[in-house]
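Engineer: I'd like to ask you about the structure that follows.
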Amino acid sequence: MMQAKAMNPRKDYLGFGLGVVLVGLLSLVVFNAGEKQQARHLPQEALFARSILFSDRVDGSISIRDATTGQLIGEIQPGEGGFVRGALRGFTRERRLESPGAESPLRLAALPGGALILQDPTSGRWTDLRAFGATNLQSFAEILFKKNEEGK
């Protein structure tokens, strides 16, 4: 009679080990890519930058002031400036979640290569406005380069 040999299931440690290594490498690549993206837009690289305070008014308009001088740059009337309002809403929502009641200026900066970024120095969040098209980019470029309405 033939005896059946007890078969020990082979444990595949090699496959498990490769899986762990691949997951580790993938996570390093993903996290490192985000850091490189942030590092490309260091504040000292700006060709021109401006700290700006955006304030909601009772009538639904938005006041735009130079945070350094306090002077009025302009206003966005109700029903106007849809993209600017939407971008500000996103930054404001995140800021309120992190530190409610904090009102600090946003930084608008023109960088080499044509990039225009809107940055929240408080949270470190920023957006490259080129991603939203030339028309939307232009609305923020006008704010960045506009002289104060008081004439200075």
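Rule-based calculations on the coordinates, nothing more; no lab input. Keep in mind that this is a model prediction, so the values were computed, not measured.
Engineer: Stretched out fully, how many nm does the piece from E142 to R96 gain, at 0.36 nm a residue minus the Cα gap?
Structural biologist: Net length gain for the segment: 13.9 nm.
Engineer: Separate question: For the range 46-145, what is the convex hull volume of its Cα atoms per residue in Å³?
Structural biologist: 100
Engineer: Sticking with this one: Full-extension gain between S123 and S63, please, as 0.36 nm times their residue separation minus the C-alpha to C-alpha distance.
Structural biologist: Going from the current span to full extension adds 19.4 nm.
Engineer: Between R85 and S55, 0.36 nm times their residue separation minus their Cα-Cα distance comes to what?
Structural biologist: Roughly 9.7 nm would be gained on extension.
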